[in-house]
Amino acid sequence: MTMEERSTRIYRQKQMLSKQELTERENLCIHEQPAYCVAACPLKLDAKALVEAVAADGFSKALSLYEKITPFVHILSAGCEAPCEGKCRLAETGGAISIRSLEQAAAAYGESPKGRGLLRFKKKKTAAILGSGLFPAFLAGELAKKAYPLTVFCAEPDAEAFLAAGAEFLDGDAVRKDAGTLKAMDIEFRFRTGMTAGLLDQVRAAYDIVCVSPEFLAEALPGAAVEEATMLCRELNVISAPAGAAGVLDSAFGAKKAALTVDRLAQNLDPMNSRGDEGPCETALITNMAGAPSTARVPGAERGYTRQEAVREAGRCIRCSCTECIKGCVYLQHYHKYPKLLTREIYNNVGIIMGDHMMNRPINSCALCGQCAVICPNGYDMADICLMARQNMVTTDKMPLAPHEFALLDQMFSNSDAFLCRPQPGFQTCRYVFFPGCQAAAIAPETVRAAYLDLTSRLPGGVALMLGCCGAISEWAGRYQMQEETAAFIGGRLEALGNPTIIAGCPTCGKTLARLEGTKVEGIWDVLDEIGLPAGGTGLSRPAALHDACGARGDRRTQEKVRKIAEKLGCRLVETDYSGDESPCCGYGGLVMYANREVASKMAQMCVNRTDAPYITYCMACRDRFAREGKASRHILELVYGTDAGAPPDISEKRYNRLSLKSGLLNEIWGEETAEMTCEFPMEFTPKALAEMDDRMILKSDVIAVMASLRETGEAIFDSESGFLVTRKRIGNVTFWVRYEEKDGGYIIRGAYSHRMKVEARQA
């Protein structure tokens, strides 16, 4: 092994996305964008979290959030101009949340934690503040929090008077509470100081950094300019605030900017250096207000809320966020993650983690349906991410075959044993070819037969028939080489038929086949709309909901044509949430039902729970999935041709149906006899065994192969727990175990299971 091979642990690496591409994708997700109220606050108060805490009667938690932005909670909450309320989306439906009143309630009913808090080491540079008012008071709190050795020079006699000088709007009790906070800070006060111009020179000589009130600055140096961005007066090299009246919020924000300037000066840096994002900001958040409650403010804000009133008012908040994709997607709900986070974890799984791929299952649990891209305001497409990951990991030999092996083998079966391609009798080449899809042939073979006979009887130029799989399965599995081979296989057969127009019986097949070079594809619903419906079709007797296939997402023409046909049949259609392009996947797409049964079942249940009405589908897999969940479901072609596929077939019956359809049509239409496959020995399956096999994706043919091997080898063991014999056989990558009892020269199958393990006999 070379050094290079060792360094990569024999893994071949292929980058899924560049870091720039990853960032661009992640930035499309606005889930982490700040709420409108949060973005409006220059102090970066998490108003959304504060309101949420109050709604849960967590006033102390709410207070702790408020104390992060100011030590003087009573001054700020009483005097804040509350730009957050102006941005509240509920103003559109009845009344913005009274956030300032809730801040006051947090200050009134919340309790600060006891104890001394964190031990902070004093900084080496000293600071002084001259003057009183809102700006000096807030700045004193900021510098004390940063652990600067701080001295405040003011004319007032005590701390209460110092705060009251800037907070005339506050009652005495509230002033006393904030003064108590001020007194607890490690600040030296020089009360009753004469605020003269000479004092400034003395302080500048004694302290490293000097801050002054705007009033004091105006007296010391009339007309002196203060930079709004840094709060620095360069003429005197002191920190202050711009002259003129300033509100409570502006003063608090100015103090934060000034404190940051103090840091920069203390480090001998440019005051503009690394200031970050200061002040209010724009948010890219999009909140869907459809269905948002229209409620008025809880009365009492003017006098101050009681504890109960505050909880009620906070309870009106709709917690602004973008969760549109999560609302409609079982996959995102199941993993409790939004697209940006999920994408990052998938990226790390594919490109960084070299061994234990914890995200393999989530990667394979996406239906690849594209619903998220339609619902997301920015078109975030998790299907693209997950498919890219699958393809990448298959290419680099990091994706196990196991999750998709059965489905891939089923595709191979559809395009080998069950494959049929014939021109209509009397034609060498044809104008059309009917491609019903592998699921239609497996679930509703009689419907496929009826549709083909109808098309051949009414369309000129000949209608060929092709029974097989379009290759979507290999595409979903990320096996693009197999997908290309399938495309070449089908393309060759189409060429032999004279490159006819494909009449697709499945929207997914239609999309997949349309990508073949030189092909023209129409849906069977397009053809039926043009030539009319055959006699004998009938609609449902009660109102029904039409479930749009995810294969028809973005294909409004197909969606409308199917609805038109349903109405012609006399169906009374009811619309549901998440219909049309927003329709969710039934759980078959993306091979979810093979990779993650739990998620697939949740997907089907979500669809089922959308309406009490029976479903009409135009994807046979959807019809099958819903019927398995106990939902009355019919495919549109069953209604058109008066057929009924009945109860959902198990996986063995699906294969039998495809073989039976092929042999029956060969005999009926082309006069070709086919040999019927039979078992050479008697065998029965108990209902429990059949259900177990279907759940574990074990075919009857697998069991027959195991029992045939038993007749050759005689190898079996007795299972004392069940009281039955057990035998095994390895077929491909899987070892199958069959539990059975002998009867009349044959067997009664009691159960079966399988795993990926090679069992070898121990050598003597």
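The values are calculated or read from the model by the stated rules, or taken from the named source; none is laboratory data. Remember, it's a predicted structure, so these values are computed and weren't measured experimentally. Positions of Cβ are backbone-derived with ideal geometry, glycine not excepted, and every protein chain shown enters the neighbour counts.
Quick rundown of the values:
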| quantity | calculated |
| --- | --- |
| Options 710, 659; residue that is among the hydrophobic types (A, V, I, L, M, F, W, C) and closer than 22 Å to residue 446 by Cα | 659 |
| Any hit, the stretch 456-465, residues being under 30 Å from residue 363 (Cβ atoms) and surrounded by fewer than 22 Cβ atoms within 10 Å (Cβ to Cβ) | no |
| Complete set of residues in the stretch 670-699 that are among the aliphatic types (A, V, I, L, M), more than 30 Å from residue 596 (Cβ to Cβ) and in contact with a Phe, Trp or Tyr (Cβ under 8 Å, 6 or more places away or on another chain) | 683 |
| Qualifying positions in the stretch 668-713 - free of Cβ contacts under 8 Å to residues at least 24 places away in the same chain and among the hydroxyl-bearing types (Ser, Thr, Tyr) | 674, 678, 709, 713 |
| Within the stretch 109-140, tally of residues that are crowded, with 24+ Cβ neighbours inside 10 Å and under 21 Å from residue 66 (Cα atoms) | 7 |
| Meets criteria (outside any helix (DSSP H, G or I), touching a residue at least 24 places away in the same chain (Cβ under 8 Å) and surrounded by 15 or more Cβ atoms within 10 Å (Cβ to Cβ)) for residue 311 | no |
| Number of positions in the stretch 439-449 that are within 12 Å of residue 619 (Cβ to Cβ) and out of contact with any Pro (no Cβ under 7 Å at 6 or more places or on another chain) | 3 |
| Unique residue being in contact with a Gly (Cβ under 9 Å, 6 or more places away or on another chain), outside any helix (DSSP H, G or I), surrounded by fewer than 18 Cβ atoms within 10 Å (Cβ to Cβ) and not basic (Lys, Arg) when the list is 721, 673, 684, 715 | 684 |
| Residue in the stretch 164-183 that is under 46 Å from the mean Cα position of the chain (by Cα) and part of a loop (DSSP other than H, G, I, E, B) present | no |
| Odd one out for residue 569 among (1) in contact with a helix residue (DSSP H, G or I) (Cβ under 6 Å, 6 or more places away or on another chain); (2) aliphatic (A, V, I, L, M); (3) crowded, with 18+ Cβ neighbours inside 10 Å | (3) |
| Residues within the stretch 217-238 that are touching a helix residue (DSSP H, G or I) at 6+ places or on another chain (Cβ under 7 Å) and assigned to a helix (DSSP H, G or I), tallied | 2 |
| Entirely in the stretch 40-150, the helices (runs of 4 or more DSSP H) that have 2 or more residues that are not assigned by TED's automatic domain parsing to the domain that holds residue 215 | 47-55, 59-67, 73-79, 83-87, 99-109 |
| Of all residues making up the stretch 412-426, the number that are assigned to a helix (DSSP H, G or I) and touching a residue at least 40 places away in the same chain (Cβ under 8 Å) | 2 |
| Residue in the stretch 327-344 that is among the hydrophobic types (A, V, I, L, M, F, W, C) and either farther than 29 Å from residue 577 by Cβ or over 28 Å from the mean Cα position of the chain (by Cα) (or both) present | no |
| Residues of the stretch 517-547 satisfying the condition of being touching a residue at least 60 places away in the same chain (Cβ under 8 Å), in contact with a helix residue (DSSP H, G or I) (Cβ under 8 Å, 6 or more places away or on another chain) and not small (Gly, Ala, Ser) | 524, 525, 527, 528, 531, 533, 534, 538, 540, 546, 547 |
| Filtered residues of the stretch 196-216 (kept if in contact with a helix residue (DSSP H, G or I) (Cβ under 6 Å, 6 or more places away or on another chain) and either outside the structural domain of residue 141 (by TED's automatic domain parsing) or surrounded by fewer than 20 Cβ atoms within 10 Å (Cβ to Cβ) (or both)) | 197 |
| Residue list for the stretch 604-633, filter: buried (at least 24 other Cβ atoms within 10 Å of the Cβ) and more than 21 Å from residue 525 (Cβ to Cβ) | 604 |
| Residue pairs meeting the criteria (Cβ under 7 Å; at least 6 apart or on separate chains; first farther than 18 Å from residue 551 by Cβ, in the stretch 603-620; second of a type in the set (Asp, Glu) and not in a helix (DSSP H, G or I)) | 605/629; 608/629; 610/577 |
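Let's see how each residue does on (1) of a type in the set (A, V, I, L, M, F, W, C); (2) in contact (Cβ under 8 Å) with a residue 40 or more places away in the chain; (3) surrounded by 22 or more Cβ atoms within 10 Å (Cβ to Cβ); (4) assigned by TED's automatic domain parsing to the domain that holds residue 507:
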| site | (1), (2), (3), (4) |
| --- | --- |
| 550 | yes, yes, yes, yes |
| 557 | no, no, no, yes |
| 582 | no, yes, no, yes |
| 598 | no, yes, no, yes |
